[in-house]
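> Below: one structure in structure tokens.
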Amino acid sequence: MASRIEGITIKIGGDTTELNKALDGVYSKLRQSRDQLRDVDKLLKLDPGNTELLKQKFTALGDEIKATKDKLDTLKEAEKQMSENGQVGTAEWDALQREIISTEQSLKSLNKEMDKFGSVSAQKIAAAGE
């Protein structure tokens, strides 16, 4: 992910830093939530009606969506700063645009998964309650 946007420097909160460093915390959160989600999905295959696992999946999906939104916000800020500095059309600009598109697609996919999961989990919880 980060290798596509190397060399871009932006200003966040008054500090000028490389975009990769600015995204390090977001990437860490994304990795953690993806690992959690993968573990919960494995366990849900074995016990699809487990309400605790369903709750954990809902939380992990929410965390991943939030981290992806944070990443997209940071990328959009970098895009704004680069366009203000006249760096449009450079190789870094093109790489940033690809990263933004990739992140937007990932966010759409996560939102679809959350919508799908919400309706399925509600049915499973209702069935477990009966």
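The values are calculated or read from the model by the stated rules, or taken from the named source; none is laboratory data. Since this is a predicted model, take the numbers as computed values, not measurements. We place every Cβ from the backbone using ideal geometry, glycine too, and count neighbours over all the protein chains shown. Please note that ligands, DNA and RNA were not included when accessible areas were found on the heavy atoms of the full protein model with its side chains. Shrake-Rupley method; radii C 1.70, N 1.55, O 1.52, S 1.80 Å.
> Would you mind getting me the FRET efficiency between Leu46 and Ser102? Use the beta-carbon distance for r and R0 = 35 Å, nearest 0.05.
0.65
> Moving on. How much accessible surface area, in Å² rounded to 10, belongs to the heavy atoms of Val40 with a 1.4 Å probe?
Rounded to the nearest 10, that gives 10 Å².
> Report Phe58's accessible area, 1.4 Å probe, all protein chains in place, as a number in Å² to the nearest 10.
Answer for Phe58: close to 110 Å² accessible.
> Also, quick follow-up: Give me the number: length gained by fully extending Asp35 to Asn20, i.e. 0.36 nm times residue separation minus the C-alpha to C-alpha distance, one decimal in nm.
That pair, Asp35 and Asn20, stretches by 3.3 nm at full extension.
> Okay, moving on. According to a simple spin-label model (label point 7 Å from Cα along Cα-to-Cβ), what is the distance in nm between Glu113 and Glu77?
2.5
> In the full protein assembly as shown, how much of Lys55 is accessible to a 1.4 Å probe, in Å² to the nearest 10?
130
> State the extension gain, in nm to one decimal, for the chain segment bounded by Asp70 and Ala91, taking 0.36 nm per residue of separation less the distance between their alpha-carbons.
Value of the extension gain: 5.2 nm.
> Right, next: Taking all protein chains together and a probe of 1.4 Å, list Asp47, Asp70 from the most accessible to the least accessible.
Of Asp47, Asp70, the descending order of accessible area is Asp47, Asp70.
> Which sequence of Arg34, Arg98 reflects their accessible areas, 1.4 Å probe, from the largest down?
Per-residue accessible area, sorted high to low, gives Arg98, Arg34.
> Whenever you get a sec, line up Thr74, Thr90, Thr51, Thr68 from highest to lowest accessible area (probe 1.4 Å, protein heavy atoms).
Largest accessible area first, the list is Thr51, Thr90, Thr74, Thr68.
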